[in-house]
Amino acid sequence: MFGRTSFLVAMFIAGLAAVAWAVYGSHLEPADFSFTNETEVQTVDPAMATGQPEMRIIQSLFEGLGRQSPTDTRFKAGAAEKWEISDDGRVYTFHLRKNAKWSNDEPVTAHDFAYSLRRLLDPQTYSRYAYEGWYLVNGKKYTLSSQLEPGDPVEVELNLAPGVPSTRRGEVLLGKLVRKTPVETKSSESAKTDDEPPKYIFDVELDGKMRRFKAADATDSVPDGVERCRQVLLDFREVGVKVIDDYTLELRLTNPTPYFLDLLAYYPMSPVNKTCVEKYGSPAWTQPQNIVTNGPFRMVARRIRDRVRLVRSDTYWDRENVKLNIVDALSVEDRTTAFNLYSTGMVDWQTVPPSEVLRELLKEKPPRNDLNPAPQLCTYYFLLNTTRPPLNDKRVRQALSMAIDRDEITRVATGAGEIPAYSLIPPSVPGYHKQECKPFDPEAARKLLAEAGFPEGQGFPRIEILYNTDQAHQAIAELVRKQWQNNLGITASLRNEEWTSYQNSIQQLDFTVARRSWVGDYQDPNTFSDMFVTGGENNNTGFASPEYDKLIVDAAKEPDRAKRMELLEKSERLLMDEQPIIPVYFYVSKNMVRPWVRGFYNTLQDTHPVQDIWIDHSVKKDDPHPNEYMEPMK
Amino acid sequence: MTWFFVRRLLGLVFTLWVVFTVSLLLMLAVPGGPYSAERNLPPELEANFKHRYRSDLPWYQQYMFELKRDLTGDLGISTRMQDYTVNQVIAQGLPISASLGIFALFFAIVLGLSAGIVSALYRGSFADFTLMSLATVGIAIPSFVVAGLAIMLFVFVIPIFPAAGWGTLRQLILPSLCLGLAYAAEIARITRTGMLDALSQDYVRTARAKGLSELMVALRHALPTAMLPVVSYLGPAVAGILTGSVVIEKIFAIPGLGWHFVQAALVRDFTLAMGLVLLYTVLLYTMNFIVDLSYGILDPRVELK
């Protein structure tokens, strides 16, 4: 009987231990405000993060020269209290406030920003947002060492000693580049590396002596006479970042960039604390017990796939205006679960309710006082592979577009008041007139298709619509297939791939028609337009037009705002005529926000800084006009 | 007995190596990698990213690198959750999945065994029919349906449990019930079959002949033998239940490991996926080992060599 008794006892003890463990750690104080932050944040390192969930945390932890205004997401004074912009729009001088502090009590200085901008640009940081720094003079050249030319002043960073955190820099030698020679990569066995850019051996003059360097680890072999180094970069003093004094920073840009300030308020441009980053190394410096921040909140606890707990920082310069004390950002992947949490009162803000629920909620009478979908800077469109016949014929591309009934799609498949799209750039971008493609017209579409040699769709090959696995995308693809069948007499099939494979197929142009969406990073047409330049990384259509490229380059250089907008309008006109893409609809934001939450506004970029949010206990649950969120968007 | 241990240990090492090799090669064969993202990068930066994750190296070099590092017990930094090492992800998630799992098992075993024993003792009765029908339904209904119904019933209609989350006893009950139900159903069916088989054995007839009560016969003499198939089933089931359930963890927003099993593969988080596969292998192997040991305890006819 030994077995049975001991088994029962063991089970009982295990059960008790399980309960004890599960309940252990539940002594967390309740938060003043909690929200569902979708998926687990990938990282809280501003230079490394991408995505909305990450942004909500990072902009609560760090503060850049400016920060995003809660009402319209534009630049608002942050660590800098004053700034001047030169008449040609290329030199920005920032005066930092002297009372801004890090959570380790160090002052926030111009050196912190210079350090963080260099870090953002450094290829060893592996930032996906490095290009945000490329507006700076020589910023791009600093990141991409293949662009170095003989004669350029360079910095040679030597390899780190073993055991030193990789977040530190190796010894830096300053010199002049004399020659760069491409080296053969011996990794020819892996087929993936066909288009890999060449690696170089750099001949550098250092203190009058010639030395040869190649980026290589201690274990890599190098030719005779060549020294190993971590990397050879442009001398950072050539980049448009200059510390004038501890509290004055000058940034020089290549082109007048009217949206540059807004970029500075965007989270990748946030400063990080050098002491902390270099002491703990990556990823340890981002742990709650180590991280040093300068924003309105501190991160006091974090549990994977559970929550990030933010507590108001007592070193933040504007702490008096931060009303929330404890904030919980919950990682909830499932939208239905998030909705359950919201509707049982466990969270105050849900970012995206499930679409089938949303449809019902919008039908409620009287209308709900916690739901107010608003236009967003985001477009859903189809990519057309212009390198594949018959889509290489402009008439075919136009016909496909004119045969899609967007109204039916937004009515049947989406259902939160999305706006049918006939242009790439969403409406309500300030100062810009959107340029539309031809409207829904099956008659004209059939005619165009006949002109292209496919009367009534005869002889038209079966085309495939690619989308990433998702019910909503599938519903739209099904509708488009049906519309093409009915209006043009052509057959399409659907292909779904999980996210990473889909990404890969898009990048390799391994598709005929594919869905895609793009969120604007800043409120300017350029965040959409510059995707479609020849060979652009996010072009993904094979579309190549020298005229288009020239318009985009000219617009970037144009100092006059009105003329610049005209150039961008011309570029979109061209894009909509050539039609390498078919716009389908513009997204709307779908937040659900409790009536007593104040300081929460609908914005074009759907960003809602937590630091401006506060709770108004005087608001009643069923007040029809409870807060700013329910007002029409400005 | 010692030889039995040594052989099993060697077996574990070999199994781990095979699993590691097959999984890693499969991972390297799928398109994309940890460097894939929504916004594409200029080729030079992309090459830089590939270099970071060693995706630019030939497969055998990547294989050797991962093997060497994993052998030291360092499973690397998660390529997706860049603020954490894989060891940290497991250290945080495994206890949570495990405590949920143990709770669920507790339900499953208590419910399943009782139902199975009752069914076997009253074979052909209304109780037997009802319990076994319920068990069949329990096996057939997927856990997301059970969870959805349970939430509708116990969160919205009769609001006695919170909708989701982790950290209090009340948050633990609903998910572990939903998780345990399918296991309970399986255990009930296996117990019933095992009991019926045992009750027809000669030694049970001997026990009855000695004049023991029917309950005594069932619990003392028939049950240990009837437990054998249940224990064989429980071994792998425990390994599965301890590492968490994707569905239950997602629906109840429980910060366990289960979700990572699927997600790591989807986002090409090689390091995390490999770490989890290895963890699962060790657990599964250990549980099977314990099952074999318990055979020796439960059934005197089994000898371990």
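The values are calculated or read from the model by the stated rules, or taken from the named source; none is laboratory data. Since this is a predicted model, take the numbers as computed values, not measurements. We place every Cβ from the backbone using ideal geometry, glycine too, and count neighbours over all the protein chains shown.
Structural remarks
- Applying the set (1) without any contact (Cβ under 8 Å) to a residue 60 or more places away in the chain; (2) under 16 Å from A:Arg388 (Cα atoms); (3) within 21 Å of the chain's Cα centre (by Cα) to A:Arg462 leaves exactly one unmet item: (3).
- Across the range A:31-48, the qualifying residues are those that are buried (at least 24 other Cβ atoms within 10 Å of the Cβ) and in a strand (DSSP E or B), and the one among them that is farthest from the other protein chains (Cβ to nearest Cβ) is A:Phe35.
- For the range A:347-387, a residue qualifies if it is over 17 Å from A:Asp470 (Cβ atoms) and among the acidic types (Asp, Glu), and the qualifying residues are A:Asp348, A:Glu360, A:Glu364, A:Asp370.
- Here B:Leu12 clears all of (1) in contact with a Phe, Trp or Tyr (Cβ under 8 Å, 6 or more places away or on another chain); (2) crowded, with 19+ Cβ neighbours inside 10 Å; (3) more than 14 Å from chain A (Cβ to nearest Cβ) except the condition numbered (2).
- Residue, surrounded by the fewest Cβ atoms within 10 Å (Cβ to Cβ), within the range A:462-497, restricted to residues that are in a helix (DSSP H, G or I) and of a type in the set (Lys, Arg): A:Lys482
- Filter pass, A:Asp577 being more than 19 Å from A:Arg406 (Cα to Cα) and not hydrophobic (A, V, I, L, M, F, W, C): no
- Residue in the range B:225-239 that is in contact with a helix residue (DSSP H, G or I) (Cβ under 7 Å, 6 or more places away or on another chain), part of a helix (DSSP H, G or I), of a type in the set (Phe, Trp, Tyr) and within 30 Å of A:Asn496 (Cβ to Cβ) present: no
- Qualifying residue in the range A:315-322 (condition: assigned to a strand (DSSP E or B), away from chain B (no Cβ under 14 Å) and either over 16 Å from A:Pro271 (Cα atoms) or in contact with a Phe, Trp or Tyr (Cβ under 6 Å, 6 or more places away or on another chain) (or both)): no
- Meets criteria (crowded, with 18+ Cβ neighbours inside 10 Å, charged (D, E, K, R) and touching a residue at least 40 places away in the same chain (Cβ under 8 Å)) for B:Glu66: yes
- Restricting attention to the range A:292-313, the residues that are more than 26 Å from B:Gln263 (Cβ to Cβ), of a type in the set (Val, Ile, Thr) and not in a strand (DSSP E or B) total 2.
- Matching residues, the range B:248-272, being under 12 Å from A:Glu333 (Cβ atoms), hydrophobic (A, V, I, L, M, F, W, C) and in a helix (DSSP H, G or I): B:Ile251, B:Trp259, B:Val262, B:Leu266
- When the residues of the range A:335-373 are filtered to those that are assigned to a loop (DSSP other than H, G, I, E, B), β-branched (Val, Ile, Thr) and more than 9 Å from every other protein chain (Cβ to nearest Cβ), the one that is nearest to A:Ala31 (Cα to Cα) is A:Val347.
- Scanning the range A:445-461 for residues that are buried (at least 20 other Cβ atoms within 10 Å of the Cβ) and in a loop (DSSP other than H, G, I, E, B) yields a count of 2.
- The set of residues in the range B:85-139 that are assigned to a loop (DSSP other than H, G, I, E, B) and either surrounded by 15 or more Cβ atoms within 10 Å (Cβ to Cβ) or in contact (Cβ under 8 Å) with a residue 12 or more places away in the chain (or both) contains only B:Arg123.
- Every condition in (1) facing chain A (nearest Cβ under 8 Å); (2) over 19 Å from A:Thr337 (Cβ atoms); (3) touching a residue at least 60 places away in the same chain (Cβ under 8 Å) is met by B:Ala164 except one, and the failing one is (2).
- Residue check for A:Pro626: under 30 Å from A:Glu364 (Cα atoms), part of a loop (DSSP other than H, G, I, E, B) and more than 26 Å from the chain's Cα centre (by Cα): yes
- Subset of the range A:498-533 (residues that are of a type in the set (Phe, Trp, Tyr), closer than 23 Å to A:Pro461 by Cβ and part of a helix (DSSP H, G or I)): A:Tyr502
- Out of B:Asn48, B:Asn87, sole residue that is at pLDDT below 90 and within 14 Å of another protein chain (Cβ to nearest Cβ): B:Asn48
- Of all residues making up the range A:530-544, the number that are under 16 Å from the mean Cα position of the chain (by Cα) and surrounded by 21 or more Cβ atoms within 10 Å (Cβ to Cβ): 1
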